[in-house]
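Some notes on the structure that comes next.
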Amino acid sequence: MEPFVLGEGGDPDDDAAAGLWHGDAEIEDAAHLAGLPDTPLPGEEPDTGADDHLWMYDDGRVWDLGPADVDTDADGVADSLTRTGPDGMTVYTDRDHDGRVDTVTHIGSDGDYEAHRLAADGRTWVPTDSGRLD
């Protein structure tokens, strides 16, 4: 699991490191995050605009993860995207519909899973659940 999800590293009193965006961060592709692609997936429209994209702050940058494509809470609004990588599957979810990912769930290829949510301070990822799927 990535250090930003585990709450490791950084100075908790440093706003930039804590994920409080002050407008000077660059928007980068998210190819390094759990298999997220640089290009649209089959069925996704290229250049759809970033208004409906999910994003997260990591390592001094704002990462555009692409548009949400799954409605996980059945409210009629797509709030999550799922990506697979060599180590398993990761679900990025925006529960409050502000565009910022606030829940990350990783299911490892070995069946272990971990879920984390972004703390109210916007600085740390708090573990919420873990276990093993058999």
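The values are calculated or read from the model by the stated rules, or taken from the named source; none is laboratory data. Just so you know, these numbers come straight off a predicted model, no measurement behind them. As a convention, Cβ positions derive from the backbone with ideal geometry for all residues, glycine included, and neighbour counts pool all protein chains shown.
Annotation: residue 110 fulfils all but one of (1) touching a Gly at 6+ places or on another chain (Cβ under 9 Å); (2) at pLDDT below 90; the unmet one is (2). Consider the stretch 69-88 and keep the residues that are out of contact with any Asp or Glu (no Cβ under 7 Å at 6 or more places or on another chain) and assigned to a loop (DSSP other than H, G, I, E, B). The one that is nearest to residue 112 (Cα to Cα) is 87. Applying the criterion of being small (Gly, Ala, Ser) and touching a Lys or Arg at 6+ places or on another chain (Cβ under 9 Å) to the residues of the stretch 109-126, the residue that is farthest from residue 67 (Cα to Cα) is 111. When residue 96 is evaluated against the numbered criteria (1) at pLDDT below 55; (2) closer than 18 Å to residue 125 by Cα; (3) surrounded by fewer than 14 Cβ atoms within 10 Å (Cβ to Cβ), which criterion, by number, is the only one it fails? Of the numbered conditions (1) at pLDDT below 55; (2) closer than 18 Å to residue 125 by Cα; (3) surrounded by fewer than 14 Cβ atoms within 10 Å (Cβ to Cβ), the odd one out for residue 96 is (1).
With the requirement that a residue be without any contact (Cβ under 8 Å) to a residue 12 or more places away in the chain and among the small types (Gly, Ala, Ser), what does the stretch 95-130 give you?
First, pick out the residues of the stretch 95-130 that are without any contact (Cβ under 8 Å) to a residue 12 or more places away in the chain: 96, 98, 119-120.
Scanning the stretch 95-130 gives 119, 120.
The set of residues from the stretch 100-134 being closer than 19 Å to residue 62 by Cα and surrounded by fewer than 17 Cβ atoms within 10 Å (Cβ to Cβ) comprises 119, 120, 121, 122.
Hey, any hits in the stretch 53-68 for a residue that's out of contact with any strand residue (DSSP E or B) (no Cβ under 7 Å at 6 or more places or on another chain), buried (at least 16 other Cβ atoms within 10 Å of the Cβ), assigned to a strand (DSSP E or B) and not aromatic (Phe, Trp, Tyr)? Show your work before the answer.
First pass over the stretch 53-68, keeping only residues out of contact with any strand residue (DSSP E or B) (no Cβ under 7 Å at 6 or more places or on another chain): 57-60.
Okay, now just the ones that are also buried (at least 16 other Cβ atoms within 10 Å of the Cβ), so 57-58.
Checking which are assigned to a strand (DSSP E or B) leaves us with 57-58.
Among the residues that remain, those that are also not aromatic (Phe, Trp, Tyr) are: 58.
Checking the stretch 53-68: at least one residue is out of contact with any strand residue (DSSP E or B) (no Cβ under 7 Å at 6 or more places or on another chain), buried (at least 16 other Cβ atoms within 10 Å of the Cβ), assigned to a strand (DSSP E or B) and not aromatic (Phe, Trp, Tyr).
Being at positive phi and modelled with pLDDT under 90 is a property that holds for residue 122.
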